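Student: Sharing a structure with you now.
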Amino acid sequence: MRHNQASEPMFRFRLLPSFTLIAGLALCIVAVSSERKPASPAPTVFGDDAGKTGDHTKTGIDVLESEKFVSLRGKRVGLITNQTGMDSQGRRTIDVLAHADGVKLVALFSPEHGIEGKVDAIVGNATDAATGLPIYSLYGDTKRPTDQMLRGIDALVFDVQGAGVRFYTFITTMGYCMEAASKHQIAFFVLDRPDPLGGEKIQGPMLDPERMSFVGYFRMPVIYAMTLGELAQMFNAENRTAVELHIIAMKNWRRSQTYDQTGLKWIPPSPNLRTINEVFLYPGIALMVVGTLLGLWLLPAPRTFGSVTFDVHTMLYCAAMVLLGFQAMAFAVFTKLFAITEGLLPPDPTLDKLFRYITLEVGIGVGSVLLAAGLGTSVFAVRFWEARNFGELDYAHSMRIVIPAVLLLILGVQTVFASFFLSVLGLRRR
């Protein structure tokens, strides 16, 4: 090797610390979020006190009530629901259907976390105390309704609030129940609810077909911008489920609206998703971690998976995922802190811990390290070019230096500015 010719394996090795910095930042955020202690659910507010501007969104159960349950009249109903199944008056969908004229509610089905959304483990069958109805767990010995569970049922009704992200298992439970309903020629009703992230924001990679599982029922991006009613229609068409599907659509909901703009009070669908800002936090963590790991995987050389080769173009999208994930996580922290300082949410011990350990000086320090790593990698990129007499470069090699360099520079700047903004938001807490 001539003295003015850079070694390609060597520059790849030198870039590993840069990606390690990004991975370390992502893992630190995951660690902070995982230390959260279970909190008591926020009080649920309904009706005119739930929002202050515009018409409130009417969910599927409210629309069904206003229509006098005409679509369920004369049917023996099985209801798939949890603690998010509430109408605008604060009544459980269970109780509403149990007392509806002409409707016979005969069985309940609970998804992951149980009928009350408090169990973070395998869920067993139970009995509803208020109605005496059996509760069949779809997150226990079976994840699909069995023939015995569906005996004597004319219609299955699904009323669960989604989280807006692909890996929440309520989607799979709905898909499995649709398949079972089709097999037994049972009508399937979805009482639609808003996508908490809105109906326009689509982010993240598509699910690989070979990775479909209980946490990935259908090929779609991480953030899919569809309500569960719309997902049910897509599943029925694309999977050819052939179920008799009825969507009780919402009223007064626009695709541009996120959940906080609907006038509805957020009811946590999971013990791990207690507030609406965490709907942004967890997808952000997922995007950042996945983008970092994929970038590390592609850093040494192109990778072939089956008949598809992934190269620097994929690395560019990985860098975008890291940036989008970082911004989503920052937004989650900013909105949570703003809500606390304005008295909209109670104090959070996790944020107090955050301010003790992640100060303005620490944020500037981390941002400076990222900037220095980005500048150092940029200098190495120029030297790599100089070694070739500033002539034409093989983009597949040079972009493996440039993409991490630019990513580190942007992350460094955003970290510094985010630290200043976080410090300003926290002034009233000191």
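Student: Scan region 192-273 for GluC sites (Glu not before Pro) in coil per DSSP, keeping those whose Cβ has at most 15 other Cβ atoms within 10 Å, and list them by number.
Tutor: Those that pass, being in a loop and sparsely packed, are GLU200, GLU244.
Student: Taking the beta-carbon count within 10 Å as an exposure proxy, list SER137, SER256 from fewest neighbours to most. Don't jump to the answer; show the numbers that get you there.
Tutor: Values: SER137 22, SER256 10.
Fewest to most other Cβ atoms nearby, the residues stand as SER256, SER137.
Student: Using a basic spin-label model with each label point 7 Å from the Cα along Cα→Cβ, how many nm lie between ASP260 and ASP141?
Tutor: Those two pseudo-labels are separated by 4.5 nm.
Student: Pop a pseudo-label 7 angstrom from the Cα along the beta-carbon direction at both PHE417 and LYS251 and give the gap in nm to one decimal.
Tutor: About 4.4 nm, to one decimal.
Student: Nearest 5 percent is fine: what portion of the DSSP beta bridges confined to region 47-261 is antiparallel?
Tutor: Beta bridges within region 47-261, antiparallel portion: roughly 25 percent.
Student: Length gain on complete extension for the stretch HIS184 to ARG240, per 0.36 nm per residue less the alpha carbon to alpha carbon distance?
Tutor: Here the segment from HIS184 to ARG240 would lengthen by 18.6 nm.
Student: Could you give me the ³J(HN,Hα) list for region 366-376, computed from phi with Karplus coefficients 6.51, -1.76, 1.60 and θ = phi - 60°, whole Hz, x at Gly and Pro?
Tutor: Those phi angles translate into 5, x, 5, 4, 4, 4, 4, 5, x, 5, x Hz.
Student: Taking the simple approach of a point 7 Å from Cα along Cα-to-Cβ for both TRP297 and LEU375, what is their distance in nm?
Tutor: Taking the two extended label points, one gets 3.4 nm.
Student: Please go through the residue pairs LYS143/LYS251; LYS58/LYS183; LYS201/LYS265; LYS68/LYS336; LYS183/LYS251 and name each one whose alpha carbons sit more than 28 Å apart in this structure.
Tutor: Violating the 28 Å Cα-Cα cut-off are LYS143/LYS251; LYS58/LYS183; LYS68/LYS336; LYS183/LYS251.
Since every read-out is calculated from the coordinates, none of them should be taken as a lab result. These numbers were taken from a predicted model, which means no experiment stands behind them. Note that we place each Cβ from the backbone using ideal geometry, even for glycine, and neighbour counts take in every protein chain shown.
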